[in-house]
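Asks: Quick one: structure below, then a few questions.
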Amino acid sequence: MLSVKILSYKKPQRYIVRQTIIAARNELRKTYPDFDITISDVKTLEEIEKYTLVLVCPSLLINEKLFSTGWFPKKEEIIEWFKQYINGNNE
């Protein structure tokens with residue numbers, strides 16, 4: 001199971017990224033029915049600053065690795081990032 005963290009000080013940005021992540025997960029479940037993730041929000045300034053200095057625009061961590069900073073990733077990008085872990089290419 002992958003651990004996904006959405007970093008943003010603002011709730012609407014976290015919501016948008018969460019919906020995109022869920023859509024990517026649902027798409028991958030068509031091919032990998034057992035694929036699952038946990039999603040958590042990092043919303044305090046102190047916690048966000050442990051990973052990035054970008055506070056308002058969203059950032060995304062997958063298994064504690066920073067994949068995007070300060071932008072809204074597309075569903076196709078998230079699918080590719082998840083596939084790296086499914087296929088064991090997560091270095």
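Read-outs: derived from the displayed coordinates by stated rules, not from any lab. All values reported here derive from a predicted model rather than from experimental measurement. Neighbour counts run over all protein chains shown; Cβ positions are idealised from the backbone, glycine included.
Asks: Looking at the range 1-37, which of its residues are assigned to a helix (DSSP H, G or I), among the polar types (S, T, N, Q), under 12 Å from I79 (Cα atoms) and without any contact (Cβ under 8 Å) to a residue 40 or more places away in the chain?
Replies: Hit for the range 1-37 is N26, nothing else.
Asks: Scan the range 61-78 residue by residue and report those that are more than 13 Å from S3 (Cα to Cα) and part of a loop (DSSP other than H, G, I, E, B).
Replies: G70, W71, F72, P73, K74
Asks: Does L60 satisfy the criteria of being among the aliphatic types (A, V, I, L, M) and farther than 22 Å from N26 by Cβ?
Replies: no
Asks: Another one. Only one of (1) part of a strand (DSSP E or B); (2) surrounded by 14 or more Cβ atoms within 10 Å (Cβ to Cβ); (3) small (G, A, S) fails for S40. Which number is that?
Replies: For S40, the failing item is (2).
Asks: Within the range 48-75, which residues are over 12 Å from Q13 (Cβ atoms), more than 10 Å from the chain's Cα centre (by Cα) and without any contact (Cβ under 8 Å) to a residue 40 or more places away in the chain?
Replies: The answer is E49, K50, L53, T69.
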